[in-house]
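FYI, it's all coordinate maths here, none of it is from the lab. Computed from a predicted structure; not experimentally measured.
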Amino acid sequence: MAAKGSDLQLSEDDVMFLLTLLRNAASPLTTAQLVDALKLRTNRQDISSS
């Protein structure tokens, strides 16, 4: 995911993650929920690669 203030570019893995969330959700998700989920995923990947 890109830094704040720059253009956002999602990887193919990011898109697949978001699509999986949307497919498996019991109810519709808001854009804010999807962004938060992507941020959490990115933070977890950063921690595990350290």
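Could you work out [θ]222 nm for the chain from helices alone, using -39500 (n - 2.57) per DSSP H run of at least four and dividing by all its residues? Round to the nearest 500 deg cm²/dmol.
On the way: 2 runs with 31 residues, N = 50.
Result for the chain: -20500 deg cm²/dmol, rounded to the nearest 500.
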- prompt: Which label belongs to the value computed from this structure, given these candidates for Rg/Rh (Cα atoms, Kirkwood Rh): (i) 0.95; (ii) 0.98; (iii) 1.08?
  reply: (ii)
message: Can you give me the angle between helix 12-24 and the longest principal axis of the chain, using Cα atoms only, in degrees from 0 to 90, rounded to the nearest 10?
response: 30
Degrees between helix 31-48 axis and first principal axis of the chain (Cα, 0 to 90, nearest 10): 40
